1. With respect to the numbered conditions (1) modelled with pLDDT of 95 or more; (2) outside any helix (DSSP H, G or I); (3) in contact with a helix residue (DSSP H, G or I) (Cβ under 6 Å, 6 or more places away or on another chain), which one is the sole condition not fulfilled by residue 64?
2. Could we say that residue 46 is more than 13 Å from the chain's Cα centre (by Cα), surrounded by fewer than 12 Cβ atoms within 10 Å (Cβ to Cβ) and without any contact (Cβ under 8 Å) to a residue 24 or more places away in the chain here?
3. So is residue 41 at pLDDT 95 or above and assigned to a strand (DSSP E or B) or not?
4. Cβ-Cβ distance below 6 Å, separation of 6 or more or different chains: which pairs start in segment 63-84 with a residue that is farther than 11 Å from residue 31 by Cβ and end on one that is in a helix (DSSP H, G or I) and at pLDDT 95 or above?
């Protein structure tokens, strides 16, 4: 996904050069159920200025975007596809909190089985 500049966006090109040292990686969880969903996400990311690379993993429902673009802009752009979108970190931080609860739940049924 290479971008070309013909001088029409000279101010934007200068801004991008200044921000080159701050290449950001944005990871999103995007509800995708088919290749049509993947195609919609590809189309919007391919048009988004500042995106260097992106990877879409339909099985993991994960979209990774690298480039000179703010994460909120990436989030809003992908959300416009109509797909449910969340920051991947939000889900990752919620997952460890949910992990101990099922472990405790598994221990509780074991007690009645041992008593029975």
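The values are calculated or read from the model by the stated rules, or taken from the named source; none is laboratory data. Keep in mind that this is a model prediction, so the values were computed, not measured. Cβ placement follows ideal geometry from the backbone for every residue including glycine, while neighbour counts extend to all protein chains displayed.
1. Residue 64 satisfies all of (1) modelled with pLDDT of 95 or more; (2) outside any helix (DSSP H, G or I); (3) in contact with a helix residue (DSSP H, G or I) (Cβ under 6 Å, 6 or more places away or on another chain) except (3).
2. Numbers: more than 13 Å from the chain's Cα centre (by Cα): yes; surrounded by fewer than 12 Cβ atoms within 10 Å (Cβ to Cβ): yes; without any contact (Cβ under 8 Å) to a residue 24 or more places away in the chain: no.
No.
3. On the way: at pLDDT 95 or above: yes; assigned to a strand (DSSP E or B): no.
Answer is no for this residue.
4. Every condition considered, the pairs that remain are 65/74; 77/44.
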